[in-house]
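Notes for the one structure printed next.
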Amino acid sequence: MRTIYRLNLTTGEATKEEAPPRYVKLGGRALTAAVLLDEVDPAAHPLGPKNKIVIAPGLLGGTTVPNSGRLSVGGKSPLTGGIKESNAGGTAADRLARLGIKALIIEGQAPGKTYTARVTQEGVEFIPAPQLAGKGNYETAGLLRNRYGPRASLITVGPAGERGYAAAGIAVTDLEGRPSRMCGRGGLGAVLGKKGLKALVIEAPGAPLRSPARKDHFQETLQKYREIILANPATASYADYGTAAMVDVMNEIGGLPTRNFSRGRFAGAGRINAARLRENILSRGGAGKPTHPCMANCLVKCSNVYPDETGKELVSPLEYETIGLLGANLGIADLDAIAALNHRCNDLGIDTIETGGALGVAMEAGLAPFGDADAAFFLLDEIAGGTVLGRVLGQGAMVTGRVFGVTRVAAVKGQGLPAYDPRALKGVGVTYATSPQGADHTAGQTVRAKVDHRRPEGQADVSWNAQVNFAVFDALGLCMFVIPSLVAHPEVLADLVAYFHGWDFTAEDLRELGRQVIRTEREFNAQAGFTRAHNRLPEFFREEILPDTQTVFDVPEEELDSLEVR
């Protein structure tokens, strides 16, 4: 996997090159960070022609390693103004890796034009696609699958990306062709959409799985890897309840964002939790599935297909972050309404986390009452319609707060917080504050750490370890839900990489890879003008007591700053 394609929208040309030696041992997030630091001016406008989108499978993509199909997408973020990587499951990473493609680097801009890019064993070609302009992700995917067949993997942007909304994400199709695996965070859909690239179509019929360099040793290690994942009770729990299990966990901890982060427990949590989700799916039948893989060869199967009362599919998947931000954070205790909001966001191509944060701020400002699902749909209609209000909301929580004079805006570096209140889960609060990615739980989740989450002691160390581990898994293309199983077995992961690629590669090499990812991202942000002042949570988290835990975020600033030199 050594091929890099450059897709230049300004010239309409796609060129092929071999990855330089410094990129050989990089994949996923590690590669997107390195390319961005090497090639993008940190002062460039995120929506201008000098920004780039880098799309890369992980080092283990396209292999028989379970859960190795995550796709990393990187660019300068319209939300944060800094570096950003967002990743998703689905089929695209596997297809690209099987074609021997290490990365797609998308550059330039074609204002006023709409293209698709077709990626095959023969190369890459641009195809004018004015008929797709302004269409939602679902219609776009349907039209492209009709043209290129059901086995084609798609990467698409919706109307939100085409309009340059900073809350816009990038959709990747799942095994059934739904464009619902979202690289949602950071507004990278706006970067791709403003370049004029509506979709990438990846065709790899007959492309074989990648072969390991040391087959016998690799197969032996792969068996250990599988056994470790399957032996972890969390694996079975994900298959039964998915990520929605976190609703009860966070409600009990007191960190479930409620009514624009003003509370940490939601009275309606029992109506939107994993038990109710599973009950609805099983009792309604039809298209519903309580467990579902988002990628091939998945052992976790944390996804689902959520049906309406008639058994017709409403959305797939319905996950914790969406339930938290479009549900509890808006005071909405109705899974059907949340699922329909989720589907609408997917079609528009906007991140449910950022959108839930923006709508929560709008409700705080009095634009709609908390708990009113119809009002939430009205606000989404404004976003879809491109009205002035819709364009404000589409820029995310921070801009919405500035426009309407709201001071309780849960965002760091301009990016809205996921569904974990940092006053109750202080380790993830450190991650929000100090990660180069902005507020992003997937940059270093700490909810499973053996620590008192409400006390400040030790939270910086817990967050740093999580940030390094998550960077490693992002570089390998592995799903974050295998981290609880494998974090205690770094030698198994290192051996998988070593035996597959034929490298000398140790557990310490893995950890250094994670540290290097973070250092590279920090360097980009430093050149973009970021300082220690950017590594802070909004002041209300330090000053406003969370009623359900009687805590504030009180990790000392010196400890936050100490992470900069690690």
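The values are calculated or read from the model by the stated rules, or taken from the named source; none is laboratory data. These numbers come from a predicted model, not from an experiment. Every residue, glycine as well, gets a Cβ built from its backbone with ideal geometry; the counts of neighbours run over all protein chains shown. Surface areas here come from the heavy atoms of the whole protein model, side chains and all, with no ligands, DNA or RNA. Shrake-Rupley method; radii C 1.70, N 1.55, O 1.52, S 1.80 Å.
The table below lists the values:
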| item | result |
| --- | --- |
| Rough spin-label spacing in nm, given labels placed 7 Å along Cα→Cβ, for residue 531 and residue 451 | 2.8 |
| In nm, spacing of pseudo-spin labels at residue 24 and residue 209 (7 Å Cα→C-beta vector) | 2.5 |
| Accessible area in square angstrom per residue, segment 302-354, 1.4 angstrom probe | 22 |
| Relative contact order (percent, whole number), the chain, Cα cutoff 8 Å, 6+ residue spacing | 16 |
| The chain - percent of accessible surface contributed by carbon and sulfur, probe 1.4 Å | 49 |
| Accessible area per residue, Å², segment 1-80 with all protein chains present, probe 1.4 Å | 32 |
| Cα-Cα over 29 Å, subset of 25/50; 52/289; 25/84 | 52/289 |
| Within segment 351-394: backbone nitrogen closer than 17 Å to the residue 287 label point (7 Å, Cα to C-beta) | none |
| Segment 89-135 versus segment 152-193: alpha-carbon centroid distance in Å | 12 |
| Computed [θ] at 222 nm, deg cm²/dmol, the chain (DSSP H ≥ 4; -39,500 (n - 2.57); rounded to nearest 500) | -12000 deg cm²/dmol |
| Estimated dipole of the chain in Debye, rounded to 20 [Cβ of Lys and Arg +1, of Asp and Glu -1, Cα centre] | 1060 |
| Dipole of the chain [Lys/Arg +1, Asp/Glu -1 at C-beta], most positive-end residue of 451, 428, 352 | 352 |
| Residue 131 versus residue 226: modelled label distance in nm, points set 7 Å from Cα along the beta carbon direction | 4.4 |
